[in-house]
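*Asks:* Before we start, here is the structure in question, set down as structure tokens.
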Amino acid sequence: MPPPSRLALLTAGNPPPLRLLLQLHAHLLVSGLLSSPSPFASRLVPAFALTELASPRPLLHALALLASLPSPPDSASPYNLALRALSLCPHPHLLDRHCLPLYRALLSSGSARPDHLTFPFLLKACARVRERFYSGGAVLAHVTRLGFNSDVFVVNAAMNYWSVCGSMADARRLFQESVVRDVVSWNTLIGGYVRKGLPGEALEVFWRMAEEGTLGDLELGKRLHEFVESNGVRCTVRLKNAVMDRYVKCGSLELAKSVFERIDTRTVVSWTTMIVGHARLGTMHDARKLFDEMPERDALPWDALMAGYVQSKQGKEAIALFHEMQEAKVAPNEITMGRCVALGTSLIGMYAKCGNIKKAICIFKEVPEKNALAWTAMVRGLANHGHADEAIEHFRRMIELGLQPDEITFIGVLSACCHAGLVEEGREFFSLMDSKYHLKRKMKHYSCMVDLLGRAGHLDEAEKLVNTMPMDPDAVVWGALFFACRMHGNITLCEKAAMKLVELDPSDSGIYVLLANMYAEANMRKKADKVRAMMRHLGVEKVPGCSCIELNGVVHEFIVKDKSHMDTNAMYNCLHEITLQIRHTANVIDISATGIL
């Protein structure tokens with residue numbers, strides 16, 4: 001027999017077999033643990049209640065144990081689990097005898113109170129007792145008095161209680177009075193009407209459910225569809241469309257297709273529903289085929305097909321479809337326009353990142369009703385490709401149109417100023433972020449400004465900006481200052497930036513190499529040697545330089561002093577001849593004499 005310290009583990013999770021539970025109960029009795037308040041007894045109650053539900057013995061044992069506890073449980077959990085077991089019990093006489101008494105025991109316990117889980121189990125059990133109208137009515141009065149009539153789980157259980165009792169008027173009343181509804185609420189009401197043999201009312205609720213976009217539960221859709229067909233209910237195209245929509249949203253395209261094929265006069269909604277179904281599965285070829293077969297179209301199927309292309313990341317097809325729509329003189333709705341703008345914005349960014357800025361510009365011109373995101377994508381694309389003037393022009397045009405730039409927009413325009421060396425414009429835009437648009441500057445904005453000021457030789461201003469940043473500068477900011485100082489020969493500030501970079505990443509060989517090279521170029525040999533000695537002491541090794549060249553579709557990769565290529569000797573001989581010619585025709589610095597690593 002396990003010690004008491006392990007009893008909690010044995011009664012946790014899935015309940016053990018009945019034989020072991022009886023042994024545990026006997027052990028608790030013999031050891032005296034049941035004669036005083038103990039958590040073990042409370043845990044045995046649900047374990048007994050939920051084991052071997054087909055047999056009445058464990059449930060009766062749980063009820064007896066619950067009634068004999070030296071002190072009532074301090075929560076409703078043991079009572080709730082016993083009620084759950086009663087609601088699932090296949091023996092009606094146990095329900096009649098114990099359902100309401102168990103609830104009364106909970107109310108009279110003094111330490112436990114009914115909660116939102118109590119009533120769903122209790123009402124499910126009440127729906128199966130002989131005096132269900134009396135018992136259920138009393139419980140529902142308690143639901144209202146205790147304030148649980150706004151809990152969606154309790155309301156759904158009450159609706160199910162009335163529908164099982166055959167009182168659909170009461171179930172409908174609860175449904176209409178409910179502030180919050182979920183799919184279960186709708187399904188409960190529809191299922192009640194189906195059980196009652198009221199197809200008209202079931203279809204009415206089903207249609208309302210479809211209109212409110214709450215469709216779900218594939219099995220309920222099948223039941224309703226079968227019920228309609230088996231009872232000879234007149235099934236209109238409108239209803240069939242709703243059934244198709246339910247199947248599509250549940251992911252059963254084959255069932256939707258079977259309904260679609262039996263519709264004699266298909267509406268635009270019928271076709272569009274099937275297009276949406278194929279688009280959800282990514283079968284865009286079939287979606288396009290259905291679209292082409294449509295006898296007439298409004299904006300709805302165009303938008304559905306375009307959404308499918310966007311979802312499948314087929315941007316070119318979506319843009320082409322939008323142009324087809326314009327040629328067909330179909331007026332796009334707001335959804336289509338918004339989708340086209342979002343798609344165009346994505347394509348602008350994609351083409352710009354791939355290096356095709358001309359294509360990005362063409363798409364930008366074709367995007368209708370451009371929003372701030374589209375303008376931002378274009379500003380950033382132009383800036384990244386070195387078209388600073390065009391980027392700034394687009395930014396100013398965006399402002400003139402009354403569109404609100406965001407942090408990303410300013411990264412684009414500040415990058416443009418940096419590439420073109422437009423210091424005054426950069427200062428203006430950097431100031432506008434805070435003074436006019438109240439945008440919080442981020443690390444990238446500061447790094448752009450430090451780079452811009454540093455390249456232009458405004459090193460003191462760049463250093464001041466770094467020192468007044470509201471956050472700790474990262475390696476990009478210090479790197480921008482370092483390269484600017486090296487460019488303009490400010491050794492002191494360059495050393496400061498280099499030390500900050502070393503603090504941020506002591507293992508980065510690049511900064512040591514650059515610092516040593518800077519000292520060598522300034523004829524500061526001792527400091528250059530000191531940096532190289534520091535590298536050796538810290539075990540930092542210089543990463544070999546690497547270069548690639550593509551020749552006849554084959555990429556060849558080389559590193560410093562690389563001799564692994566099959567044509568190494570021929571290539572080195574060629575390089576030697578080229579070097580001799582360069583030295584003969586131009587005044588070239590002997591790199592080896594500078595001590596550069």
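Laboratory data are not the source of any read-out in this text; all were calculated from the coordinates shown. Because the structure is a prediction, the values reported are computed rather than measured. Every residue, glycine as well, gets a Cβ built from its backbone with ideal geometry; the counts of neighbours run over all protein chains shown.
*Asks:* What does a probe at Leu504 reach in the range 407-426, counting residues whose amide N is under 18 Å from the point 7 Å along Cα→Cβ?
*Replies:* Taking a point 7 Å out along Cα→Cβ of Leu504, the residues of the range 407-426 whose backbone N falls under 18 Å are 415.
*Asks:* Also: For His419, what is the net charge nearby, where nearby means another residue's Cβ is under 14 Å from its Cβ and Lys, Arg count +1, Asp, Glu -1?
*Replies:* So the environment of His419 carries a net charge of -2.
*Asks:* If you place +1 on the Cβ of every Lys and Arg, -1 on the Cβ of every Asp and Glu, and leave all else neutral, what size is the dipole of the range 456-543 about its Cα centre, to the nearest 20 Debye?
*Replies:* Dipole of the range 456-543, to the nearest 20 debye: 500 debye.
*Asks:* Sorted from largest down, give the three principal axis spans of the alpha carbons of the range 352-441, whole angstrom values.
*Replies:* Largest to smallest, the principal-axis extents are 34, 28, 19 Å.
*Asks:* Could you work out how far the C-alpha centroid of the range 378-421 sits from that of the range 457-510, in angstrom?
*Replies:* Spelled out, the Cα-based centre of one part sits 26 Å from the other.
*Asks:* Another question about this same structure. Using only Cα atoms, figure out Rg for the range 456-543 and give it as a multiple of 2.2 N^0.38 Å. Spell out each step's value before the answer.
*Replies:* Working: Rg = 13.1 Å, N = 88, 2.2 N^0.38 = 12.1 Å.
My calculation over the Cα atoms of the range 456-543 gives 1.08.
*Asks:* Still on this structure, I have one more. Count charges around Leu551 for me, please; just the other residues with Cβ under 14 Å from its Cβ, Lys/Arg as +1, Asp/Glu as -1.
*Replies:* -3
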